[in-house]
Amino acid sequence: MKSKTLPQTNSLKHTLLTIFPPFVLALTFYPLITGLYFNASLVEIAEPMVTLALITLIMALRFVTGKNAFYYIGVSLLFINQFITLAHWIIIKSPRSQNSLFVVFNSHTNEAAGFMELNSGPSYLLVIPFVILFILSLKYTFHYPRQDQGQNKTLGTILVITLIFLSIRAYMGGPREATPLLVRSVHLFHKELNKYKALKGESQFRTDAIKDAVLLNRDKPRVVVLVEGESVNRNHMSLYGYYRNTTPLLQELDDLIVYTDVVSGYGTTYKSIAGALTQSNLENNIEPYEGFSFMDVCRASGVMSYWLSNHSPIGFWNNFTTLLAEQSDKTEWVNLTTNSDVLISYDEKLLGVFEKTLNDEVENKFIFVHLMGSHDRYSERYPPGFARFKGESHKDQTIAHYDNSILYTDYIVDSLIKIMKVYADQKDVAVAMVHVADHGEDVYDDSDDYAGHGFAGVIPTSIVEIPFMVWLSPQYKTQYPEKSQTVSDHAHLPYVTDDQFHSLIDLMGIETEIFEPRRSVFNTDYNFKRTRIIMDGSNYDSIK
Ligand SMILES: [Zn+2]
């Protein structure tokens with residue numbers, strides 16, 4: 001038999017090393033240290049402590065059973081969890097949450113790659129020491145089998161402390177508080193996903209529930225078009241005073257009504273579009289999948305709705321924007337380049353589809369046009385002919401690419417207006433177009449070292465300051481002189497795009513009980529005194 005009398009100091013040392021192997025400790029705290037480097041105010045010390053507590057339980061299991069397999073399982077799980085946390089810090093400079101999973105899974109899988117490229121820099125090197133630590137932890141397992149009774153005391157004490165810590169977390173915040181952040185955020189994400197799956201089934205029910213929607217003067221046909229830009233910061237448009245001539249064509253139009261004080265309530269595509277096209281807004285706490293959508297209102301009043309998109313319909317699992325799109329009567333996806341870095345889908349693909357849709361036999365239409373606009377990677381958003389602006393450094397180059405994408409969008413929106421003009425004249429139809437962006441983009445505007453629309457803490461103004469403009473065909477102006485007057489009178493009023501649902505009902509000329517005139521910027525009863533609290537809870541008018 002082996003000696004049972006290991007010196008006391010060695011016994012304690014071996015117990016501690018087996019339960020808290022140094023490289024495992026390093027892996028546990030590595031992302032925290034990275035977080036302190038990027039943004040100390042967002043670091044949560046509780047997060048690695050929960051991870052540590054769970055890993056301690058696994059290591060204790062190894063100590064008790066003497067089986068090193070537990071060690072390898074523990075280290076592998078730890079590596080995956082910590083790697084995802086570390087990647088979040090490096091890519092979006094904030095901790096993990098269900099929102100960050102939204103960013104990764106809701107938009108294209110390309111988005112994550114876009115982030116990487118835009119913000120590539122030496123921070124990626126931070127992965128190297130992390131991987132080295134992992135390799136070291138596989139090599140040095142600090143496996144000292146249990147030898148004497150004294151070790152049981154130490155083990156017992158550690159286990160009691162660990163279990164008390166986890167129990168307090170679970171008692172105060174529910175069982176999930178005692179799980180790593182990854183488990184919590186995946187759970188929340190999954191919950192959201194299930195809600196959206198319910199959306200489809202409920203859609204018919206909700207349509208039936210709008211009984212009173214009536215299209216006024218339905219014998220006089222009209223078309224409302226919403227051209228949704230992507231990631232457009234209006235401060236990069238010469239139309240709004242930018243120093244580069246990025247919107248030469250739109251500036252030439254003398255019948256374009258340019259709104260000057262419009263902000264997006266949200267910083268993400270899905271939230272923003274869902275907020276715009278459904279009853280949900282920042283004040284009413286209605287979730288997008290709970291309220292009526294503008295497509296529901298259209299269907300109930302006999303207006304045909306179309307969804308034309310240059311975004312990919314195939315999300316990682318089920319793209320939420322696609323679920324919203326599916327509420328339209330007809331959808332047309334021109335971008336099937338998902339997961340491919342080789343193919344690039346320019347917005348001009350939408351022009352022909354738009355013209356065809358406009359000329360569809362149906363008389364009263366709502367057409368939603370979803371541009372790829374200035375989504376990262378900016379350099380892939382415009383054909384070579386639009387590469388007008390250039391820059392030397394990585395930063396200046398990124399800004400130039402972004403500005404080129406704005407220049408290209410100028411061409412796209414102008415082309416859409418030209419198509420509408422021809423159609424309105426030929427068919428004598430009242431056409432109204434709104435062009436807006438889902439959110440802005442921080443292209444080194446509010447940060448020195450960041451381009452994108454992710455943010456942590458207070459939302460930068462560059463992410464919410466968006467373009468908003470209206471074009472009315474001469475037929476619309478003749479048919480609705482008062483509405484047209486209000487539309488141009490209100491161009492300088494403050495507005496948040498989460499209320500577009502009501503503005504669209506107004507522009508379309510639909511009467512329904514769910515319409516709230518004070519929420520429509522195109523209405524004489526519009527409440528322009530609304531306090532503009534945006535998604536992060538801050539008052540835009542006090543941070544701008
Ligand atoms: Zn977006």
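Figures for the structure shown
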quantity	calculated
Pick from region 519-529, criterion under 14 Å from Gln500 (Cβ atoms) and within 28 Å of the chain's Cα centre (by Cα), ranking: surrounded by the most Cβ atoms within 10 Å (Cβ to Cβ)	Val521
Where Ala400 falls short, out of the listed (1) more than 16 Å from the ligand (Cβ to nearest atom); (2) in contact (Cβ under 8 Å) with a residue 24 or more places away in the chain; (3) farther than 22 Å from Ile257 by Cβ	(2)
Test: residue in region 409-418 that is among the charged types (D, E, K, R), out of contact with any Phe, Trp or Tyr (no Cβ under 8 Å at 6 or more places or on another chain) and surrounded by 21 or more Cβ atoms within 10 Å (Cβ to Cβ)	yes
2 or more residues within 16 Å of the ligand (Cβ to nearest atom) and either touching a residue at least 60 places away in the same chain (Cβ under 8 Å) or on the phi > 0 side of the Ramachandran plot (or both): qualifying helices (runs of 4 or more DSSP H) within region 213-307	269-277
Single residue of Thr51, Thr85, Thr56 found to be over 15 Å from Thr162 (Cβ atoms), in the same structural domain as Leu136 (by TED's automatic domain parsing) and of a type in the set (Ser, Thr, Tyr)	Thr85
Selected residue (only one of Val431, Val436 is under 30 Å from Gln485 (Cβ atoms), within 15 Å of the ligand (Cβ to nearest atom) and assigned by TED's automatic domain parsing to the domain that holds Ala274)	Val436
Test for Ile164: is it crowded, with 16+ Cβ neighbours inside 10 Å, modelled with pLDDT of 90 or more, of a type in the set (A, V, I, L, M, F, W, C) and in the same structural domain as Gln82 (by TED's automatic domain parsing)	no
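The values are calculated or read from the model by the stated rules, or taken from the named source; none is laboratory data. Please read all numbers here as calculations on a predicted model, not as lab measurements. All Cβ positions, glycine included, derive from the backbone under ideal geometry; neighbour counts span all protein chains shown.
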